[in-house]
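Written below as structure tokens is the structure these notes are about.
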Amino acid sequence: MAEEATPLTESEISALMAEHPGWARVGDEITRTFAIRYHGGVALIVHVADVERLVGHHADIDLRWGTVRFGITTHDAGNKLTQADFRLARRIDEIAAAHGAESP
């Protein structure tokens with residue numbers, strides 16, 4: 001199994017969670033919700049989707065009026081958390097900041 005798809009240990013997950021403020025662990029998924037106006041949320045999603053296509057890793061995305069929620073896990077690792085999930089989370093944070101999204 002490639003390093004990208006190797007499930008992390010509980011201690012590795014705890015350490016990485018501490019490095020990703022705003023993200024919460026829900027089972028074997030990390031999630032974050034951003035407050036952003038609806039049309040800004042659409043633009044945010046398109047920007048994230050472009051990056052996801054390039055890195056080959058994708059979040060589940062939920063667009064609501066005034067919020068966008070991202071959920072990340074590695075399907076290729078049996079829906080477990082991997083390094084790739086936390087790298088994508090960091091990229092989503094950077095893109096969200098560029099779009100003016102905030103924690104609700």
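From T82, T67, T73, which residue is of a type in the set (V, I, T), buried (at least 18 other Cβ atoms within 10 Å of the Cβ) and touching a Pro at 6+ places or on another chain (Cβ under 9 Å)?
T82
Would a scan of the range 73-90 turn up a residue that is in contact with a His (Cβ under 8 Å, 6 or more places away or on another chain), under 10 Å from F34 (Cβ atoms), acidic (D, E) and modelled with pLDDT of 95 or more?
no
Being of a type in the set (K, R) and farther than 14 Å from D85 by Cβ: is that true of R32 here?
Considered against the rule, which asks whether it is of a type in the set (K, R) and farther than 14 Å from D85 by Cβ, R32 comes out as no.
Please go through (1) aliphatic (A, V, I, L, M); (2) more than 19 Å from P7 (Cβ to Cβ); (3) touching a residue at least 24 places away in the same chain (Cβ under 8 Å); (4) surrounded by 12 or more Cβ atoms within 10 Å (Cβ to Cβ) for A59 and return the number of the only condition it doesn't satisfy.
All conditions are met except number (2).
Mind listing whichever residues of the range 62-103 are more than 15 Å from R25 (Cβ to Cβ), in contact (Cβ under 8 Å) with a residue 40 or more places away in the chain and aliphatic (A, V, I, L, M)?
A77, A84, I92, I95, A96, A98, A101, listed by residue number.
For the range 21-46, which residues satisfy the criterion of being closer than 20 Å to A98 by Cα, under 15 Å from the mean Cα position of the chain (by Cα) and surrounded by 17 or more Cβ atoms within 10 Å (Cβ to Cβ)?
W23, T31, R32, T33, F34, G41, L44, I45, listed by residue number.
So for the range 7-21 (the condition being touching a strand residue (DSSP E or B) at 6+ places or on another chain (Cβ under 9 Å), within 14 Å of E94 (Cα to Cα) and touching a residue at least 60 places away in the same chain (Cβ under 8 Å)), does at least one residue qualify?
Checked against the condition, which is being touching a strand residue (DSSP E or B) at 6+ places or on another chain (Cβ under 9 Å), within 14 Å of E94 (Cα to Cα) and touching a residue at least 60 places away in the same chain (Cβ under 8 Å), the range 7-21 yields at least one hit.
The values are calculated or read from the model by the stated rules, or taken from the named source; none is laboratory data. Model, not experiment: these values are computed from the prediction. Glycine gets a Cβ as well: all are built from the backbone with ideal geometry, and neighbour counts include every protein chain shown.
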